[in-house]
Amino acid sequence: MDALRVALLNASYNDEATTRNFDRDVQANLRSFAVDEGELPDTYDYDAVIVSGSGASVYGDEPWIPPLLEWVDEAIDRDLPVLGVCFGHQLLAHVLGGRVEPMGEYEIGYREIERVGDSQLLSGLPDRFLAFTTHSDEVTKLPPGAELTAENDYSIHGFRAGHVFGVQFHPEYDRATAERITREKDLPEERIDTVLDGITEENVVTAADAKVLFDNFLEYVESLSAERPTNESRA
């Protein structure tokens, strides 16, 4: 079978680490689009879509957000499987009728997350697993009919609605990304130091287990592709 074609809607403001990390962890024919610069695929002829993290808020007034919301909404209507990470998780919840709001605080660092139910996306992970988090917005209300798949004491950390999957945490982060992102945050120095102290080799290795969700997502996409007629077109 040919490599799956996946559109990466990259909202990271040209953060090189985003492309590098997804290229490394997503074993597919991945094409990246700088959506924060107004770049969007001109076709829906992909097997799946991934929406990255971002420094933006889905309820913000950046001019590139409404066209992105419209494109993703259409992709979902066409039954394309979509995975959202952090900002992408929030954007998918928003598109599907959920609610995203500012937290009034910041969750950042390696944090324990609890699985809820029997999530196919999180298959292979323990009931409680470690992942790097960094966000000050959160999904406060799931979309109608969506299933909660992960949470912790801060936020909803995962949901599924049909072919749509969202995770608030960052499975793609490596140690260098976690350290740089932490240092760039406008937070008290003492808190930044505490988060940096937690970016240990042990935590990095343990959190890498969460990368299995990318393989799980692609396996799900493959199963859908096998079920579709070979002459079906999404263009």
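The angle between the Cα long axis of helix 65-77 and the main principal axis of the chain comes to about 50°, on a 0 to 90 degree scale. Relative protection proxy for 75-87, 117-129, from highest mean packing down: 75-87, 117-129 (other beta-carbon atoms within 10 angstrom).
Per residue, region 53-207 exposes an accessible area of 44 Å² to a 1.4 Å probe, with every protein chain left in place.
Considering only Phe165, Ile113, Gly124, the residue lying farthest towards the positive end of the dipole of region 78-180 is Phe165, judged by Cα position with unit charges set on Cβ. Computed from point charges on the beta carbon alone (+1 for Lys and Arg, -1 for Asp and Glu), the dipole magnitude for region 91-227 about its Cα centre is near 340 Debye.
In percent, rounded to a whole number, the relative contact order of region 1-72 is 41, using alpha-carbon pairs under 8 Å and six or more apart.
Ranked by the mean number of other Cβ atoms within 10 Å per residue, highest first, peptides 205-216, 157-168 order as 157-168, 205-216. The computed percent of Cα pairs over 21 Å apart for the structure shown corresponds, within (1) 54; (2) 58; (3) 68, to (1). The residues neighbouring Gly117, those whose beta-carbon lies less than 13 Å from its own, together hold a net charge of -3 under the Lys/Arg +1, Asp/Glu -1 convention.
The accessible-area ordering, largest first, of the residues Asp193, Asp137 stands as Asp193, Asp137, per a 1.4 angstrom probe.
For the chain, carbon and sulfur atoms together expose 43% of the accessible surface, with a 1.4 angstrom probe and every protein chain in place. Relative contact order for the chain: 20 percent, from Cα pairs under 8 Å spaced at least 6 residues apart, divided by residue count.
Against the main long axis of the alpha-carbon atoms of the chain, helix 175-184 sits at an angle near 70°. The angle between the Cα long axis of helix 16-25 and the main principal axis of the chain comes to about 60°, on a 0 to 90 degree scale. From the residues Ala17, Val221, Leu30, which one has its Cα farthest along the dipole of the chain in the positive direction, the dipole being from +1 and -1 charges on Cβ of Lys/Arg and Asp/Glu about the Cα centre? Checked the options; the winner is Val221.
When the expected Rg is taken as 2.2 N^0.38 Å, what fraction or multiple of it is the alpha-carbon Rg of region 118-232?
Numbers: Rg = 16.6 Å, N = 115, 2.2 N^0.38 = 13.4 Å.
Compactness ratio reported: 1.24.
Every helix of 4 or more DSSP H residues in the chain counts as -39500 (n - 2.57), and over all residues that averages to -9500 deg cm²/dmol at 222 nm.
The values are calculated or read from the model by the stated rules, or taken from the named source; none is laboratory data. What you see is a predicted model; the values in this text were computed from it and never measured. Glycine gets a Cβ as well: all are built from the backbone with ideal geometry, and neighbour counts include every protein chain shown. Keep in mind that these areas ignore ligands, DNA and RNA; they rest on the heavy atoms of the full protein, side chains included. Shrake-Rupley method; radii C 1.70, N 1.55, O 1.52, S 1.80 Å.
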